[in-house]
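Asker: The structure is given below, and queries will be raised subsequently.
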Amino acid sequence: MSEKAILFDSSRCTACRGCQVACKCWNGLPSTLEKNGNPSTGSYQSPMDLNGTTRILISFHEEAGGDKGVKWAFGRRSCQHCTDAPCATICPAGAVFKDEVTGLVSVDDSKCIGCKYCSTACPFDVPQYREDNGRMNKCTGCLDRIEQGLSPACVTTCQPGALVFGDRDELLAQAKERVSYLQGKGYADAAVYGEDQVGGLHVVQVLKHGVAAHGQVEDPQVNPIVGLTQIMKPVTAVATGVTVAGLAAMFALGIGYKRDKLAYNADTEDTIDVDTGQVVKHGDGQDTESVKEHIMENLGGKKGGNDE
């Protein structure tokens, strides 16, 4: 199987939001009963952004279009499935991972620890924290469907054909051809998005009015913290090794060590070995020897404190 991708053609999108509904239905995600949040913003967009139970949304951007009248620019907010996926790189639990066959970036909920590192790393601000289960939430690419020969749920419900699933190389060629057609129709800002960003995205987009007009990040940059965590991994491993070695050495020193049971008689000011009844020290009842000194004494064959 070759690398796969989803093609979103904004010039064909009618903003019916069937893809949003299909995603929630397939993945069993709840929906809010509020319109655009509370109070209403007056926007047709709902919800206003991705959240812990919304993995995809169609964004609404309305601008003046000159001689073309009102210019509606519908956008697609969801995981872009980066080739150099920073969310998968930074995830300490291995919950976010890139499928090496399809190139899609998926999530294993059973491994997620809710640390939110993936959200910090993502240049598109996609992964969202889900309050009801304490885990991160994002599009999985519907790997469970693809493995059964099906298309992602959002694609199967798109009536105008604005969403297409297939081989990435083929969809890129199709996107470029469509952009060339749109430019020929007077849409000079039409552009292909996803060919090179973050190593290449597995969501390729035809943006009729240009990148910014459709709400996409023009020059996505990976958070520097991702690189820092990779540098720190070997350092952390060394520090961990030193700590383990130190603990092992202390364990070895303590093998066979048993400290004498001592009792202090305040009347006589004698410290007595409980097992033998022998006076091991006279005077201050406080034990002045350190644990290390007792261990070394034990290894040397001595027991107890200083005999007097």
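Asker: Would you kindly identify the strands (runs of 3 or more DSSP E) lying entirely within the stretch 126-231 that contain at least 1 residues that are among the small types (Gly, Ala, Ser) and assigned by the TED database to the domain that holds ASP99?
Answerer: So the answer is 163-167, 191-193.
Asker: Return yes when PRO220 is of a type outside the set (Gly, Ala, Ser) and under 20 Å from PHE74 (Cα atoms) and no when it is not.
Answerer: yes
Asker: What residue, of CYS87, CYS158, CYS139, is open to solvent by 10 Å² or more (accessible area, probe 1.4 Å), under 23 Å from GLY210 (Cα atoms) and in contact (Cβ under 8 Å) with a residue 40 or more places away in the chain? I'd like the intermediate steps shown before the answer.
Answerer: On the way: CYS87 fails: under 23 Å from GLY210 (Cα atoms); CYS139 fails: under 23 Å from GLY210 (Cα atoms).
Testing whether each residue is open to solvent by 10 Å² or more (accessible area, probe 1.4 Å), under 23 Å from GLY210 (Cα atoms) and in contact (Cβ under 8 Å) with a residue 40 or more places away in the chain leaves just CYS158.
Asker: Give me the residue from the stretch 183-206 that is open to solvent by 10 Å² or more (accessible area, probe 1.4 Å) and hydrophobic (A, V, I, L, M, F, W, C) and, out of that set, farthest from ARG76 (Cα to Cα). It would help to see each step written out before you state the result.
Answerer: Quick first cut of the stretch 183-206, residues open to solvent by 10 Å² or more (accessible area, probe 1.4 Å) only: 183-189, 191-192, 195-199.
Now restrict to residues that are hydrophobic (A, V, I, L, M, F, W, C): 188, 191-192, 198.
On the way: ALA188: 21, ALA191: 15, VAL192: 14, VAL198: 17 Å.
The extreme case among them is ALA188.
Asker: If you check CYS115, CYS87, which single one turns out to be in a loop (DSSP other than H, G, I, E, B) and touching a Pro at 6+ places or on another chain (Cβ under 7 Å)? Outline the logic, then answer.
Answerer: Details: CYS87 fails: in a loop (DSSP other than H, G, I, E, B).
Exactly one of CYS115, CYS87 is in a loop (DSSP other than H, G, I, E, B) and touching a Pro at 6+ places or on another chain (Cβ under 7 Å), namely CYS115.
The values are calculated or read from the model by the stated rules, or taken from the named source; none is laboratory data. Bear in mind that the values here come from a model prediction, so they are computed numbers and not experimental data. A quick note on method: Cβ atoms are made from the backbone with ideal geometry, for glycine too, and the neighbour counts reach across all protein chains shown. When the accessible area is computed, the model is the full protein with side chains, heavy atoms only, and any ligands, DNA or RNA have been set aside. Shrake-Rupley method; radii C 1.70, N 1.55, O 1.52, S 1.80 Å.
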